[in-house]
């Protein structure tokens with residue numbers, strides 16, 4: 001089997017890669033029959049020389065490979081017919097801006113494997129950049145807090161080489177006696193939690209967080225049932241919430257009344273209650289002054305997230321009264337950090353982490369007959385058609401929705 005690490009061609013440039021040089025070595029050690037080619041790139045976080053020095057062929061044309069490994073969407077004119085492609089296609093939710101991409105993939109008889117749908121038999125995602133979205137998102141939230149209240153001035157994560165440098169910058173600051181609420185306990189939440197723990201911020205229980213005062217900064221890490229309750233008052237567990245979200249209401253305002261910084265690392269499912277609404281944000285009891293919205297659902301469950309922000313301009317202000325964008329340092333504004341491509345700010349660490357997951361969960365399927373069905377579940381297209389698992393996209397492809 002011949003794999004190719006392809007050049008990222010989407011703008012703005014993305015420096016991440018599916019396989020680091022060390023990951024390529026690990027694959028060759030485990031599977032000597034695997035061949036790995038590297039398409040030359042001047043933007044990749046690991047230079048061409050990092051691969052060639054380890055014996056891997058770096059070349060302009062990698063069309064001889066069977067499997068093309070990328071991160072972002074491949075431009076239509078760069079797609080090579082009759083190949084297997086791995087990348088984030090952003091089509092599974094019927095995103096209108098990528099309809100033509102999926103049509104081209106079908107027309108060119110490409111087998112598409114979207115990283116987002118590489119899952120186990122229980123439909124749990126096996127790979128992703130969520131952990132580093134959490135790391136960078138929490139760092140950016142702390143940075144925004146410092147700028148908003150003139151406490152300190154951390155450099156942007158994108159200006160740092162790696163996680164070690166990021167940690168060193170955090171070691172230089174001290175926080176006042178604030179309360180931080182973090183939602184989410186998955187990969188994103190765990191990445192964000194690591195930043196708070198690195199800062200040696202004390203973690204407290206939800207009950208104490210809501211009712212106690214502290215002479216030090218503290219945080220609470222809450223999951224869905226900590227800030228949602230059934231309308232009928234019954235306590236039926238997390239699975240009930242996921243299966244019947246319309247039967248619940250948000251109680252997040254109890255946290256908003258006592259929190260200074262909100263780091264949103266949760267997954268929001270369709271039909272679930274909004275954490276807080278625009279009306280909630282107008283309340284004089286609403287105390288949150290900075291929101292780091294890693295989840296970044298526009299005009300959704302976090303009412304002040306009215307748009308995504310960028311790595312270049314990561315912060316904007318939301319005026320709850322006028323419901324408009326203002327300067328984030330405005331005294332009336334909630335400062336919002338809603339960068340939607342956070343892992344791009346630490347491409348070195350993010351790529352290494354992704355590589356590990358890809359080697360562990362995907363590469364073996366090419367050499368064991370896909371005995372666990374990883375490739376079968378993730379295959380979106382084959383023989384110029386959508387596979388059964390993704391047949392729901394046919395109307396999208398046909399332009400009917």
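The values are calculated or read from the model by the stated rules, or taken from the named source; none is laboratory data. Since the structure is predicted, the reported quantities are computational estimates derived from the model, not experimental observations. Neighbour counts run over all protein chains shown; Cβ positions are idealised from the backbone, glycine included.
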Q) Restricting attention to segment 54-64, which residues are touching a helix residue (DSSP H, G or I) at 6+ places or on another chain (Cβ under 8 Å) and surrounded by fewer than 17 Cβ atoms within 10 Å (Cβ to Cβ)? A) 54
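Say whether the condition of being in contact with a strand residue (DSSP E or B) (Cβ under 7 Å, 6 or more places away or on another chain), surrounded by 15 or more Cβ atoms within 10 Å (Cβ to Cβ) and modelled with pLDDT under 95 is met by at least one residue in segment 189-196.
No - not one qualifying residue is present in segment 189-196.
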Q) Which ones in segment 363-381 are closer than 28 Å to residue 13 by Cβ and over 19 Å from the mean Cα position of the chain (by Cα)? A) 363, 380, 381
(Q) For segment 222-236, which positions are outside any helix (DSSP H, G or I) and without any contact (Cβ under 8 Å) to a residue 24 or more places away in the chain? (A) 229, 230, 231, 232, 233, 234, 235, 236
Q | Boolean, residue 365 is touching a residue at least 12 places away in the same chain (Cβ under 8 Å) and assigned to a helix (DSSP H, G or I) | A | no
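Among 51, 85, 132, which is the only one that is touching a residue at least 12 places away in the same chain (Cβ under 8 Å), outside any helix (DSSP H, G or I) and either assigned by TED's automatic domain parsing to the domain that holds residue 329 or surrounded by 15 or more Cβ atoms within 10 Å (Cβ to Cβ) (or both)? Let's see the steps before the verdict.
On the way: 51 fails: outside any helix (DSSP H, G or I); 132 fails: outside any helix (DSSP H, G or I).
Residue meeting the stated conditions: 85.
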Q. Hey, among 169, 216, 212, 229, which residue is modelled with pLDDT of 95 or more, surrounded by 11 or more Cβ atoms within 10 Å (Cβ to Cβ) and within 26 Å of the chain's Cα centre (by Cα)?
A. 169
Q) Do the conditions hold for residue 61, that is, is it free of Cβ contacts under 8 Å to residues at least 40 places away in the same chain, closer than 19 Å to residue 352 by Cβ and over 26 Å from the mean Cα position of the chain (by Cα)? A) no
Q) When only residues in segment 92-105 that are out of contact with any strand residue (DSSP E or B) (no Cβ under 7 Å at 6 or more places or on another chain) and assigned to a loop (DSSP other than H, G, I, E, B) count, which is surrounded by the fewest Cβ atoms within 10 Å (Cβ to Cβ)? A) 93
